[in-house]
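The values are calculated or read from the model by the stated rules, or taken from the named source; none is laboratory data. Computed from a prediction, not measured in an experiment: that's the story for all the values here. A quick note on method: Cβ atoms are made from the backbone with ideal geometry, for glycine too, and the neighbour counts reach across all protein chains shown. These area figures cover heavy atoms from the full protein model, side chains too; ligands, DNA and RNA do not enter into them. Shrake-Rupley method; radii C 1.70, N 1.55, O 1.52, S 1.80 Å.
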Amino acid sequence: MANKQHNWRTQVWIDWCPGCGNYGILNAEILALRELGLDPTKTVIVSGIGCSAKTPHFINANGVHTLHGRGIPFAMGIKLANPNLTVIVHGGDGDLLGIGMAHFVALGRRNLDITVILHNNGVYGLTKGQASPTLRKGLKTKALTKPNIQDAVNPVAVALATGYTFVARSYAFNTKHLKEIIKKAIQHKGSALIDVLQPCVTYNNIYTKEYYEERIYLLEEEPSWDPVVRKPDEEEVITKLSNAWIKSMEWEDRIPIGIFYQNPYVDTFEERIRNEIPDYFENPPAKQPINTEENLPIIDTNAFKTIFSEKIVKIKKTNKK
Amino acid sequence: MEWKVKKRLKEKIAKQNIRGFSVGDVINYLKEKGIEIVQLDFQKCLKRLAQKYAISPGAISRYLSGIGIGAVAALTGISLESIEEGLRARLAGREKLIEHNLYLINLVIEEIRSNHGTPFKLKGPVTDSREFLVVTGNDIIAMGKIVGGLRVQTYYPITPAADENLYLEEKMLLRIGNKSLGGIVVMQTEDEIAAIASAIGAALAGARAATSTSGPGFSLMVEGLGWAGMNEVPVVITYYQRGGPSTGMPTRGVQSDLFFTLYAGHGEFARIVLASGDHLEAFYDAVEAFNLAEKHQVPVIHLVDKFLANSTATIPLPDLSRVRIERGNIIEDNKEYYKRFDLERIVSPRAFLGSNAIMWYTGSEHDEYGHVSEDPVNRLEMYEKRIKKMDLIDQELSEEKRVILYGSKKPQLVLIGWGSTKGPILDALPRLESLGEVAYLHFRVLVPFPKRIVREVISGAEKVIGVEHSYFVQIADLVSLHTSIPVPYRIAKWTGRPIYENEIVDAVKKIVEENKKRVVLTYGE
């Protein structure tokens, strides 16, 4: 069904606020999906809860709108059952880095081939503007009664520290840049994070469009910047990770967007499973037959005795007295 | 030993007129009572073993278990040949270890038999079967899941569910010679929230998927359960109850989570709760859980407990000709607009993520396509579609499968229970026949509740007695709720120790003869 004619937009009424950064993300993603020529029936857009979580309903591909913070573990299950699907997770900063942080960390450790798009706007928009995990300490966005007294999480640094093998940042209203980053993230084999800076026009009066557009610069325009690990060499990995970490600290005056780190040499979780199950990709769990035509289990009595032989005790014939 | 336990033991010993608190004092006391004491010098046996095979002193204590095996074999007449076979099954390939153990066990047997003979000689086999399974509850449930077509199992380590996952991990690759029968992905997640979420994800993609846990883990899984209910996802949760609340007594058994499994989750949605009373029931239930889940597109909770999980039983091989795989209404839809939640039918045709259809799921109230909807008319219909499944399941799943009556068909006295109380109650039943027509009503399915049979059986009875490992004896309340017949008589135990046949006999007699309403069991204190 992969055809260029496919309309990637649904007819569902989009209820985001006018001017919301989510429009930019949605547009960029749809362009990326189209340009990659993906099959919408083999593509699954997963989300958690929040404004960002409505994204799957607006894309004409499979959509799974889950629980707050749980987009990643739902996506993991989908991918484990059928590793041939393209799986993309959308979550806000509260969703992925607050209530869902354990899952965010765990995905990096596993390097499952999933793309995570982080809608990063510094506030909980859907519940009317509370401070999110990426709002810096001391800031008072307009719905807060007092300045924020919690420190912020640096999503790029967390991703680098937990094993994501593709870590990038983009900006919601730079559609072209974001589209290209999404394409690269999907094409990357392994866990990918895209930290998308996104104004919340309703509740974040600090990280505004103007704020970002004054500060953002492109990493790829720095002549010496090379985030990609070129050979499977530990020293190079450490150097590239360290460079990315230092870059991720830049914020106040200049904010970098682009690819921070990419390492194509780490085996994916799916490949690790293939070490156990050799035909995992050709015959994934979701596609395996489990019954005969007569609806009997494919494990018959003989198979049962072979598979579970160590639990079976045979009794020798004794002469009954 | 905990100081309070120690103090209580001392008091008990003092009451029995035992002179001191040493093992020797207890032995002397027993001798005076005419009990034959089997004495054995452990050190001497181990020393001979060490000398014979030059085993270092540090390693020798590992052979201690051989003394116990030898002693039991000596007194019951188990042959050395049988023991050798057992050792070979257990320690396959470790020839030296087998030889050492056999030497020690033989030593113990000779020593004890020369002084005491074989006072408890076992009778010959009572069955013609030639093959048996020797399995724990964890093992047999894993086997049932594998036969039932499990393809993705996710879990977070927890007692007493962990060993099921361990066994599944050993069986990830299903292979007979060169022929592959498939592969099971078993995945340890970061917590139980992720375990159920990932299992649900796998189920959406078309794999039979399950997770297993106990109370604390299930507490975390409740949000996932609700999502599965809302999205009509066939996911199976194997729930091994252990002592609660909170951390409670993790290695002790209870049945106090009955109501929790029946009602867990906010909002209202359809579910099925199965309960197994022994190993074979657990095997068939593990398969059936998947069938029911997929046929009706609901989450299924398979409720067992610590007693079953960790009890090793010798059972016949399950009869696989009885087992069917029923996957329900599955389609490979390639219509342009597929309605995952088609209101035409209570159970809509199901396409998998990755099939030729495009579909949406959401935990929000949704329309037929799976898009968020606040429309009150849609709400009315979609909500009812989900709940009405309970009526459908109630019609399709025969009550005879859901509750089983043991003993008298027209009982005056009915014991009601489920799960692990089955064994001791069935043992106690013949001893209660002197009290009148007596029966045991054993629940295999708790949701949907088998109202008709239960009402028929208990409405004619004089006394109905609930038996459960809990404080409230929740099954009695459940029966009252569904039949409007009060069940005031209750036998409760919540120490986490098993209920024994004797306890049941005594408790029922107290209820019948002394008209007590409630008896609390404490044996094992």
Within segment B:484-525, residues more than 20 Å from the chain's Cα centre (by Cα), among the small types (Gly, Ala, Ser) and not in a loop (DSSP other than H, G, I, E, B) come out as B:Ala507
Name, by its number, the condition in (1) surrounded by fewer than 24 Cβ atoms within 10 Å (Cβ to Cβ); (2) touching a residue at least 40 places away in the same chain (Cβ under 8 Å); (3) β-branched (Val, Ile, Thr) that does not hold for A:Ile30. (2)
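Pull up segment B:143-177, narrow it to residues that are of a type in the set (Gly, Ala, Ser) and part of a loop (DSSP other than H, G, I, E, B), then point me to the one that is most open to solvent (accessible area, probe 1.4 Å). So that I can check it myself, show each step before the final result.
Taking segment B:143-177 first, the residues of a type in the set (Gly, Ala, Ser) are B:144, B:148-149, B:161-162, B:177.
Now narrow it down to the ones that are part of a loop (DSSP other than H, G, I, E, B): B:148-149, B:161, B:177.
Working: B:Gly148: 0, B:Gly149: 2, B:Ala161: 1, B:Gly177: 63 Å².
Among those residues, the one meeting the criterion is B:Gly177.
Looking at B:Ile465, B:Ile453, which is the one that is more than 22 Å from the chain's Cα centre (by Cα), among the hydrophobic types (A, V, I, L, M, F, W, C) and surrounded by fewer than 22 Cβ atoms within 10 Å (Cβ to Cβ)?
B:Ile453
Can you confirm whether B:Gly177 is within 24 Å of B:Gly201 (Cβ to Cβ) and within 11 Å of another protein chain (Cβ to nearest Cβ)? Break it down into steps so the answer makes sense when it comes.
Details: within 24 Å of B:Gly201 (Cβ to Cβ): no; within 11 Å of another protein chain (Cβ to nearest Cβ): yes.
No: the conditions fail for B:Gly177.
For segment B:283-317, which residues satisfy the criterion of being in a loop (DSSP other than H, G, I, E, B) and open to solvent by 10 Å² or more (accessible area, probe 1.4 Å)?
Quick first cut of segment B:283-317, residues in a loop (DSSP other than H, G, I, E, B) only: B:297-299, B:311, B:317.
The answer is B:Ser311, B:Leu317.
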Among the candidates B:Ile200, B:Ile140, B:Ile237, residue that is within 30 Å of B:Ile331 (Cβ to Cβ) and at the interface with chain A (Cβ under 10 Å from one of its Cβ atoms): B:Ile200
Residues being facing chain A (nearest Cβ under 10 Å), surrounded by 13 or more Cβ atoms within 10 Å (Cβ to Cβ) and under 33 Å from the mean Cα position of the chain (by Cα) - total across segment B:319-360: 9
Six or more apart or on different chains, Cβ under 6 Å: which pairs go from a residue in segment B:243-259 that's touching a residue at least 24 places away in the same chain (Cβ under 8 Å) to one that's in a helix (DSSP H, G or I) and open to solvent by less than 80 Å² (accessible area, probe 1.4 Å)? Could you list them? B:Gly244/B:Gly215; B:Gly253/B:Lys306; B:Gly253/B:Phe307; B:Gln255/B:Gly419; B:Asp257/B:Gly215; B:Leu258/B:Gln474; B:Phe259/B:Gln474
Which residues, counting only those in segment B:1-31, are farther than 30 Å from B:Glu110 by Cβ, part of a loop (DSSP other than H, G, I, E, B) and open to solvent by less than 80 Å² (accessible area, probe 1.4 Å)? B:Ile18, B:Gly20
Filter pass, A:Tyr261 being in contact (Cβ under 8 Å) with a residue 24 or more places away in the chain and more than 7 Å from every other protein chain (Cβ to nearest Cβ): yes
Is at least one residue of segment A:275-290 more than 25 Å from B:Glu131 (Cβ to Cβ), acidic (Asp, Glu) and at the interface with another protein chain (Cβ under 7 Å from one of its Cβ atoms)? yes
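Which of the residues that make up segment B:352-366 are among the hydrophobic types (A, V, I, L, M, F, W, C), part of a loop (DSSP other than H, G, I, E, B) and farther than 18 Å from A:Leu80 by Cα? Quick ask: steps written out before the conclusion?
We begin by selecting, within segment B:352-366, every residue among the hydrophobic types (A, V, I, L, M, F, W, C); these are B:352-353, B:357-360.
Applying the additional criterion that residues be part of a loop (DSSP other than H, G, I, E, B) yields B:352-353, B:357-359.
Within segment B:352-366, B:Ala357, B:Ile358, B:Met359 meet the criteria.
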Residues of segment B:212-234 satisfying the condition of being more than 10 Å from every other protein chain (Cβ to nearest Cβ) and among the polar types (S, T, N, Q): B:Ser212, B:Thr213, B:Ser214, B:Ser219
So, B:Ser484, is that one free of Cβ contacts under 8 Å to residues at least 24 places away in the same chain, open to solvent by less than 70 Å² (accessible area, probe 1.4 Å) and out of contact with any helix residue (DSSP H, G or I) (no Cβ under 7 Å at 6 or more places or on another chain) or not? no
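What about B:Ser180, is it farther than 22 Å from B:Lys306 by Cα and open to solvent by less than 10 Å² (accessible area, probe 1.4 Å)?
Details: farther than 22 Å from B:Lys306 by Cα: yes; open to solvent by less than 10 Å² (accessible area, probe 1.4 Å): no.
Judged against the criteria, B:Ser180 is not a match.
Check whether at least one residue in segment B:181-196 is away from chain A (no Cβ under 12 Å) and of a type outside the set (S, T, N, Q), and report yes or no. Walk me through how you get there before you give the answer.
Taking segment B:181-196 first, the residues away from chain A (no Cβ under 12 Å) are none.
There is no residue in segment B:181-196 that is away from chain A (no Cβ under 12 Å) and of a type outside the set (S, T, N, Q).
Just checking, which of A:Ala143, A:Ala161, A:Ala102, A:Ala81 is under 30 Å from B:Val236 (Cα atoms) and surrounded by fewer than 24 Cβ atoms within 10 Å (Cβ to Cβ)? Break it down into steps so the answer makes sense when it comes.
Details: A:Ala143 fails: under 30 Å from B:Val236 (Cα atoms); A:Ala161 fails: under 30 Å from B:Val236 (Cα atoms); A:Ala81 fails: surrounded by fewer than 24 Cβ atoms within 10 Å (Cβ to Cβ).
So the residue among A:Ala143, A:Ala161, A:Ala102, A:Ala81 that is under 30 Å from B:Val236 (Cα atoms) and surrounded by fewer than 24 Cβ atoms within 10 Å (Cβ to Cβ) is A:Ala102.
Output the number of residues of segment B:32-59 satisfying the condition of being among the charged types (D, E, K, R) and closer than 16 Å to B:Ile105 by Cα. Spell out the reasoning first.
Here is the first cut: in segment B:32-59, the ones among the charged types (D, E, K, R) are B:32-33, B:36, B:41, B:44, B:47-48, B:52.
Filter once more, keeping what is closer than 16 Å to B:Ile105 by Cα: B:41, B:44, B:47-48, B:52.
Selection size over segment B:32-59: 5.
This table checks each residue for (1) assigned to a loop (DSSP other than H, G, I, E, B); (2) over 17 Å from B:Lys52 (Cβ atoms); (3) touching a helix residue (DSSP H, G or I) at 6+ places or on another chain (Cβ under 8 Å).
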{"residue": "B:Glu85", "(1), (2), (3)": "no, yes, no"}
{"residue": "B:Ala89", "(1), (2), (3)": "no, yes, yes"}
{"residue": "B:Ser114", "(1), (2), (3)": "no, yes, no"}
{"residue": "B:Asp128", "(1), (2), (3)": "yes, yes, no"}
{"residue": "B:Phe132", "(1), (2), (3)": "no, yes, no"}
{"residue": "B:Val135", "(1), (2), (3)": "no, yes, yes"}
B:Leu405 more than 14 Å from chain A (Cβ to nearest Cβ) and more than 30 Å from B:Gly267 (Cβ to Cβ): yes
